[in-house]
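S.K.: The structure that follows is given in the form of structure tokens.
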Amino acid sequence: MATPRTDPLTREVVELIGSVVARYYEEYEQAAAQHSLTGAQARVLGLLSLEPVPMRKIAQKLKCEPSNVTGIVDRLESRGLVERRPDPADRRVKLAAPTPEGLDTARRLRDSLDFAREPLGQLTVVERTLLRDLLKRMLGEDLV
């Protein structure tokens, strides 16, 4: 007789994780659309609003191909939300950086989010720390 691959508790936890992720992305996509952006464009703009980032690093953060990032940045640049500039540390590297309008759009987008802006808002610092540590363990990352 075969044993089930997962117990009911594990299935419930996995389904809840999936629900959190789906709710986050659904709200993010809706907010992005209100600003005439795709979800990917909004994520790149949000990332760049923290600091200018090399194109390769954007691809690593979003876990996508660099050619996809080039297209996303091209579209954001054509709307005047992003600009490319040389990295002062290595002039061969291009940084994507938000324009003032891009920073304003990123702020308005972030302000329009509810759950996606602070999905862990209902948790205490201790609970968030525990969740972070458990997720890192699930992903096989070393805890520091």
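S.K.: Restricting attention to region 62-78, does a residue exist that is out of contact with any Phe, Trp or Tyr (no Cβ under 6 Å at 6 or more places or on another chain), under 18 Å from residue 29 (Cα atoms), among the polar types (S, T, N, Q) and at pLDDT 90 or above?
M.R.: So far as region 62-78 goes, yes, one or more of its residues are out of contact with any Phe, Trp or Tyr (no Cβ under 6 Å at 6 or more places or on another chain), under 18 Å from residue 29 (Cα atoms), among the polar types (S, T, N, Q) and at pLDDT 90 or above.
S.K.: If you don't mind, another one. Step by step: first the residues of region 126-142, then only those that are in a helix (DSSP H, G or I) and of a type in the set (Asp, Glu), then the one that is nearest to the chain's Cα centre (by Cα). Which residue is that?
M.R.: Here the answer is 133.
S.K.: A further question on this structure: Would you check which residues across region 39-63 are farther than 16 Å from residue 103 by Cβ and surrounded by 14 or more Cβ atoms within 10 Å (Cβ to Cβ) and list them?
M.R.: 39, 40, 54, 55, 57, 58, 59, 62
S.K.: Being in contact (Cβ under 8 Å) with a residue 24 or more places away in the chain and of a type in the set (D, E, K, R): is that true of residue 108 here?
M.R.: Taking the combined requirement at face value, the residue satisfies it.
S.K.: Give all pairs with beta carbons closer than 6 Å in which a residue from region 34-51 that is over 16 Å from residue 71 (Cα atoms) meets a residue that is part of a helix (DSSP H, G or I) and hydrophobic (A, V, I, L, M, F, W, C); count only pairs at least 6 apart in sequence or on separate chains.
M.R.: These pairs meet every condition: 35/109; 46/106; 49/103; 49/106.
S.K.: Going by what's in this entry, would residue 73 be described as surrounded by 14 or more Cβ atoms within 10 Å (Cβ to Cβ) and assigned to a helix (DSSP H, G or I)?
M.R.: Yes.
S.K.: What number of residues in region 85-96 are of a type outside the set (A, V, I, L, M, F, W, C) and open to solvent by less than 70 Å² (accessible area, probe 1.4 Å)?
M.R.: So the count comes out to 3.
The values are calculated or read from the model by the stated rules, or taken from the named source; none is laboratory data. These numbers were taken from a predicted model, which means no experiment stands behind them. Note that each Cβ is placed from the backbone with ideal geometry, even for glycine, and that neighbours are counted across all protein chains shown. Just so you know, the surface numbers come from the protein's heavy atoms only, side chains and all, with ligands and any DNA or RNA stripped out. Shrake-Rupley method; radii C 1.70, N 1.55, O 1.52, S 1.80 Å.
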